[in-house]
Structures are given as C-alpha cells and as structure tokens.
Amino acid sequence: MNPLAVLSAKEMRAAEQAAINGGVASAALMETAGKQVAEVAKQEWSKRPVAVICGPGNNGGDGFVAARLLAEAEWPVKVVRVCDRETLKGDAKLMADLYEGEVSEFDANALAGVGLIIDAIFGTGLTRPIEGDVKTALEAINAHPAPVLSVDIPSGVSTDEGAVLGFAIQAARTVTFHAKQPAHLLFPGRALCGVVDVVDIGITGEFDAKIFENHPSLWGARFPRPSWMGHKYERGHVMCVSGGPMSTGAARLAAEGALRIGAGLVTMLSPSAAAPVHASHLTSIMLREANTADEIAGHMQDAEKSNLVTIIGPATGVSEQTRDKTLAILNSSAGAVLDADALTSFAGQPDALFDVLRPDDVLTPHTGEFSRLFSVEMKDGGKLDAARAASKKAGCIVVLKGPDTIIAAPDGLAIINSNAPPDLATAGSGDVLAGLIAGLKAQGMGGFEAAAAGVWFHGACGQTIGPGLIAEDLPKAVPSVLRQLLKPLQEQDDGLTSQQGAQQQ
Ligand SMILES: NC(=O)C1=CN([C@@H]2O[C@H](COP(=O)(O)OP(=O)(O)OC[C@H]3O[C@@H](n4cnc5c(N)ncnc54)[C@H](O)[C@@H]3O)[C@@H](O)[C@H]2O)[C@@H](O)CC1
Ligand SMILES: Nc1ncnc2c1ncn2[C@@H]1O[C@H](COP(=O)(O)OP(=O)(O)O)[C@@H](O)[C@H]1O
Ligand SMILES: [K+]
C-alpha cells in the first residue's frame with residue numbers, strides 16, 4: 001500500500017479483516033500492536049513507573065499486551081481499567097486474561113508516582129462523546145505531569161474527523177498501526193497526537209485508498225522541469241487579474257508566485273487606473289490593460305498560443321464586475337485558479353459559478369470564503385468531508401486552506417497537507433499560493449496535482465523562511481525549495497550523462 005495512504009476507521013477495519021481472511025490471526029495483530037507500543041515506550045523513555053489505562057474495546061486489548069511486555073522488561077507497570085471487566089470480550093478479553101499483574105479501577109490515586117501514561121482507552125471505536133467517569137479519568141490524565149503515549153489515537157478524538165468528542169487526551173506521542181487516519185493530520189486532532197509513529201503490525205495487501213498525506217512522491221514524477229530544447233512559450237503562460245489602484249499588491253504576489261515556480265510568461269491584466277502602479281513595480285512580469293469582462297475575454301485568446309491559466313480573485317473586489325470577469329475566463333479556453341473575491345462574488349448565486357466550472361479548474365478558498373460560497377458552517381473536524389463534498393458539487397478541484405489544507409477532487413480523491421508552518425498565517429500568503437498552483441498548471445500539471453504540489457511548495461517555502469515571514473518572502477524562497485526537490489533527479493541525470501559518456505569512450 002502507498003505509505004502516504006490515509007485510512008478511515010471503516011477502511012482500517014476492512015484492511016484488518018482482509019489480513020484476517022488472508023490467514024493472519026486477529027490476536028496476532030493485537031499482540032504485534034501492543035508490542036510496537038511497548039517498543040516505542042522503551043525507545044523514547046527511560047525505564048520508569050508506567051500506568052497503562054485500558055478501555056472497553058480492542059484499544060484496551062492493545063494496552064494489556066503493552067503492559068505485559070513492559071512488565072516482562074521489568075518496568076514497574078500499573079494497569080488501570082476505565083470499564084467493567086465484563087465488557088471486555090474477544091481478543092481484548094484474551095489479552096486481559098494473559099496479563100498476570102494487578103488491575104485496578106480508575107480512582108484519584110491511579111496515577112500517583114507514574115512517569116509515563118499509556119492511553120489505551122479508546123481508538124477507532126469511539127462512537128459517542130466522552131462524559132461522566134470516563135471524562136473524569138481523561139481530565140486527570142491531562143492534568144498529570146507525566147507524558148502520555150496514546151495507542152492508535154488520543155482517546156476522545158474522532159478517527160475520521162480529528163474532532164474532539166466531548167473531551168480528549170493531549171498526547172506527547174501516538175503510535176498508530178498500518179497507516180495514518182485523518183485524525184492524525186486534521187486539527188485539532190493533529191495537535192493532540194504529538195509525534196505520530198506509524199508502525200507495521202503485519203497487515204499486507206493492496207488497498208484502494210482515497211485519501212493521502214501530501215508529499216512530493218505523490219506528484220514529483222509529473223513536476224515540470226525545464227528542458228534543453230524548450231523555450232518560454234512551452235513553459236506556459238499565467239495571467240493575473242488585478243484589483244484597482246489601491247489594491248494591486250495581492251495580484252502581484254500571485255504573479256510572482258507563478259513566475260518563480262517556472263511559468264514561462266506571466267502577464268498582469270490591470271484596470272487602466274491601476275496600470276501606472278504596476279508599471280512602477282513590475283519587471284519580468286508583463287503588463288496589459290483590461291477594464292471589462294469583454295477585454296479580459298479578449299486576452300484569453302492567448303490560450304491559442306500557449307497553455308494559459310488565469311488567476312482571478314486576489315483583491316479584485318467583491319462585485320458584479322468580478323463575477324463577469326470570472327465568467328469570461330471560465331467561458332474561454334484558458335484554465336482558471338479562482339481565489340478570494342472571485343469566490344465571494346458568487347456567494348449568493350453559487351450555481352452560476354458551478355455551472356461553468358470545468359473539472360481541472362481550481363478554487364482556493366479559506367474557510368470563510370468556503371462557507372460563503374458553499375453555504376456550510378465549518379465545524380471542528382468537518383473539513384475533509386466538507387472539501388470533498390464541495391469538490392463534487394462544484395465539479396472541480398477545491399483547495400480548502402488552513403493549517404491542514406485539503407486538496408479535493410470531484411471523484412472523491414483527497415490529499416491532506418501537513419508541512420505548513422503557522423508563520424504562513426500572514427496577509428498575502430494565500431495570494432502567492434494561487435500563483436504557485438497556476439504556475440504549475442500552466443506548465444502542464446493537472447489541476448489536482450498542481451494544487452497538491454503548490455500547497456506543498458507553499459509549506460516548504462514557509463519552513464525555509466520561518467519566523468518573521470511575510471508574503472513577499474515566499475516567491476523568493478521558491479528557488480531553494482526547487483533546488484532541494486529537483487536535486488535527486490539532477491543527480492540521476494548527472495549519473496546518466498556520465499554513464500553515456502563512459503559508453504561513448
Ligand atoms: N483495525 C485494526 O487493524 C486493529 C485495531 N486494533 C485496535 O483496536 C482498536 C479499535 O477497537 P474497537 O473497535 O474495539 O474500539 P475501541 O477500543 O476504540 O472502543 C470501543 C468500545 O468503546 C465503547 N465506547 C465508544 N465510545 C464511548 C464513549 N464515549 N464512552 C464510553 N464508551 C465508549 C464502545 O461501546 C466499545 O465498547 C484500534 O483503535 C486499535 O487500537 C489493534 O488491536 C490491532 C489491529
Ligand atoms: N495556522 C496556520 N498554519 C499553517 N498555514 C496556515 C495557517 N493559517 C493559514 N495558513 C495558510 O496561509 C495561507 C493564507 O491564505 P489566505 O487566508 O487566503 O490569506 P491571504 O488572503 O491574506 O493571502 C493559506 O495557504 C493557509 O493554508
Ligand atoms: K487511545
């Protein structure tokens with residue numbers, strides 16, 4: 001299975017069942033899971049008194065295994081149950097029976113003197129909000145100074161959404177099995193996991209995953225590289241629609257993003273009144289006047305000369321005019337990246353937009369713009385489903401931005417991004433992102449991959465700059481990230497060239 005695959009709770013159960021059908025004993029999976037938890041505890045912490053807190057299901061079963069193996073390794077182990085013994089069944093009961101030490105019920109003294117807490121209370125089987133005695137136990141764990149190692153998922157976090165169901169454990173580290181689940185990547189779940197270790201427990205076989213964690217190995221093979229024989233017209237053309245004279249910076253940021261990521265030509269389409277402002281700033285980016293939707297449509301004819309992708313939205317203003325200009329782009333043969341005001345301009349009449357969007361167009365809303373366009377209230381953990389549903393509804397690629405940006409395609413495929421530092425939450429950074437995506441799309445990447453690659457680049461540029469980042473820095477950081485990304489291929493090329501040289505001699 002692709003190591004970047006992200007499985008839902010249902011898919012995890014299906015993968016487990018497939019392994020069992022293939023001859024692996026379910027108890028063996030649990031034994032390996034518990035063993036891996038014990039191994040992580042031994043690797044990450046020195047020997048110390050540990051409390052293993054076990055819940056009523058198989059997550060608790062994993063806890064009993066870890067407790068047995070840590071006790072065998074002569075760790076001082078205390079097992080605490082947050083359920084009645086009678087509720088344990090199947091493999092979990094088997095593992096509870098195999099644990100020979102004392103098992104106590106959770107009370108005020110349960111955590112006295114421990115230096116590590118293993119949270120094996122709830123995993124993928126959490127179905128309802130945490131309350132009552134269980135909540136009291138979870139609160140006591142979070143209030144205790146010892147670090148928490150969570151089994152599979154911090155108890156209280158919903159697997160498929162990463163939302164807190166009533167109350168949740170704050171872990172220092174989380175050991176999960178076979179593959180990540182959405183909760184390990186979506187906030188607030190991701191922040192509650194601490195460091196995530198994905199460990200093998202012997203589940204094999206292919207799985208038709210629909211969700212992936214963003215990484216260059218998903219799209220690197222299609223990432224554009226300049227060729228020896230190429231020229232600028234073959235590297236695509238990005239046009240960017242500007243706002244008025246007092247609102248030109250956003251479009252310039254987008255244009256710079258597109259040029260830095262490798263678009264061969266970038267043109268600013270500016271209202272006449274704003275053209276002098278751009279003229280005093282722009283050098284390698286070209287400038288043309290375009291005041292009306294008809295004039296924008298005229299410029300879209302350049303799509304006949306090279307692969308044209310047009311960005312509209314950054315500081316263009318929420319207006320009927322922006323709506324008409326957007327429709328002019330969508331009714332041409334230019335590709336489109338729609339951001340900010342271009343999205344909000346359709347808030348009252350989304351169907352007018354959805355009817356003309358094409359599958360490869362890209363929308364890049366932040367959660368506010370998303371809520372306005374798709375008329376959904378964003379709630380914690382609802383992001384993945386909301387982005388996937390929106391992509392289907394709009395019939396194009398949707399990039400729902402934030403610390404856990406989702407890139408969703410109408411066929412249900414989704415990528416969750418995980419490399420964005422919080423320094424990116426600064427004015428104008430989203431404008432650069434729109435430019436990066438358009439620049440990659442103009443160079444021939446499909447909308448979904450261009451969006452995933454653009455979002456990853458944006459995060460990598462943010463990391464390169466770090467604290468103090470302003471949006472203007474992002475395009476300037478692109479070359480160093482490009483150098484890192486393309487280095488292995490360059491080395492391959494070098495290897496090939498020297499090999500060929502040797503053969504010719
Ligand atoms: N799927 C897999 O491939 C594997 C799963 N394993 C473990 O199995 C776990 C899933 O086990 P289960 O499906 O038994 O689920 P859990 O162990 O997560 O919990 C289910 C139990 O908790 C109860 N419950 C749910 N919400 C509650 C609430 N708010 N308050 C009180 N009780 C609540 C349910 O009634 C049920 O008894 C995984 O997280 C993982 O730790 C491993 O043993 C090995 C392999
Ligand atoms: N806390 C955060 N951590 C990481 N990335 C973030 C965070 N908040 C916002 N971002 C990213 O910063 C960018 C902000 O875009 P946007 O909200 O459109 O701002 P602007 O309109 O000012 O450009 C998006 O790419 C988003 O994913
Ligand atoms: K847990």
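The values are calculated or read from the model by the stated rules, or taken from the named source; none is laboratory data. Keep in mind that this is a model prediction, so the values were computed, not measured. So basically every Cβ, Gly included, is an ideal-geometry build from the backbone, and we count neighbours across all protein chains shown. When the accessible area is computed, the model is the full protein with side chains, heavy atoms only, and any ligands, DNA or RNA have been set aside. Shrake-Rupley method; radii C 1.70, N 1.55, O 1.52, S 1.80 Å.
Of the GluC sites (Glu not before Pro) found in the range 1-78, those that fall in a DSSP loop while having at most 16 other beta-carbon atoms within 10 Å are E74. Counting only protein chain heavy atoms and rolling a 1.4 Å probe, the accessible areas of Y233, Y99 rank, largest first, as Y233, Y99.
Heavy-atom accessible surface of D380, to the nearest 10 Å², is about 110 Å², with a 1.4 Å probe and all protein chains retained. Sparsely packed loop sites in the range 288-387 (the trypsin sites (Lys or Arg not before Pro) outside DSSP H, G, I, E and B with at most 15 other Cβ atoms within 10 Å) comprise K305, K379.
Remark: the range 1-147 carries a charge dipole of roughly 220 debye about the Cα centre, counting +1 on each Lys and Arg Cβ and -1 on each Asp and Glu Cβ.
At 25 °C and 0.890 mPa s, grab the translational diffusion coefficient of the range 216-480 from Stokes-Einstein with a Kirkwood Rh over Cα pairs, rounded to a whole number in µm² per second.
137
Between E234 and A14, the modelled labels are 4.3 nm apart [label points 7 Å from Cα along Cα→Cβ]. Within the same chain, lysines fewer than 8 places from K325 are excluded, and of the rest, those with a Cα less than 30 Å from its Cα are K232, K305, K383, K392, K393, K401, K441, K476. Toward the positive end of the charge dipole of the chain, with +1 on the Cβ of Lys and Arg and -1 on the Cβ of Asp and Glu, the farthest Cα among N58, M268, V376 is that of M268. Cα gyration tensor of the range 21-208, axes a ≥ b ≥ c as square roots of the eigenvalues: rounded (a/c below 1.5), prolate (a/b > b/c) or oblate? Rounded is the answer for the range 21-208, as its axis ratio a/c remains below 1.5. Between the residues N331, A251, A451, the greatest Cα displacement towards the positive end of the dipole of the range 216-480, with unit charges on the Cβ of Lys, Arg, Asp and Glu, is found for A451. Solvent-free Debye calculation, one equal scatterer per alpha-carbon of the range 4-113: log10 I(q)/I(0) at 0.15, 0.21, 0.24 Å⁻¹ equals -0.68, -1.14, -1.32.
Note that the chain carries a Kirkwood radius of 24.8 Å, evaluated over its alpha carbons pair by pair. Using C-alpha pairs below 8 Å separated by at least 6 residues, the relative contact order for the range 216-480 is 21 percent. Rounded to the nearest 10 square angstrom, D97 shows an accessible area of 80 square angstrom against a 1.4 Å probe. Remark: accessible surface ordering of L287, L436 (largest first) is L287, L436, probe radius 1.4 Å.
Please report the antiparallel percentage of the DSSP beta bridges confined to the chain, to the nearest 5. Percentage antiparallel, nearest 5: 15. Note on the chain: with charges restricted to the Cβ of Lys and Arg (+1) and Asp and Glu (-1), its dipole about the Cα centre is near 700 debye. Across the range 21-208, the relative contact order, built from alpha-carbon pairs under 8 Å that are at least six residues apart, equals 19 percent. Quantify how much of the Cα-Cα distance distribution of the range 191-313 extends past 24 Å, in percent. Tail of the P(r) past 24 Å holds 47 percent of the pairs. Each Cα pair under 8 Å and six or more residues apart adds its separation to the average, and for the chain the resulting relative contact order is 12 percent. Protein heavy-atom accessible surface, 1.4 Å probe, per residue over the chain: 42 Å².
Within the assembled protein chains, the solvent-accessible surface assigned to E131 is about 130 Å², based on a 1.4 Å probe. Taking only Cα atoms, what is the 0 to 90° angle, nearest 10, from helix 249-260's long axis to the longest principal axis of the chain? The angle comes out near 80 degrees. Accessible-area rank, largest first, for T292, T364, T127: T127, T292, T364, with all protein chains present and a 1.4 angstrom probe. Taking the alpha-carbon centroid of each part, what is the distance from the range 65-97 to the range 327-391 in angstrom? Taking the Cα centre of each part, the range 65-97 and the range 327-391 sit 50 Å apart.
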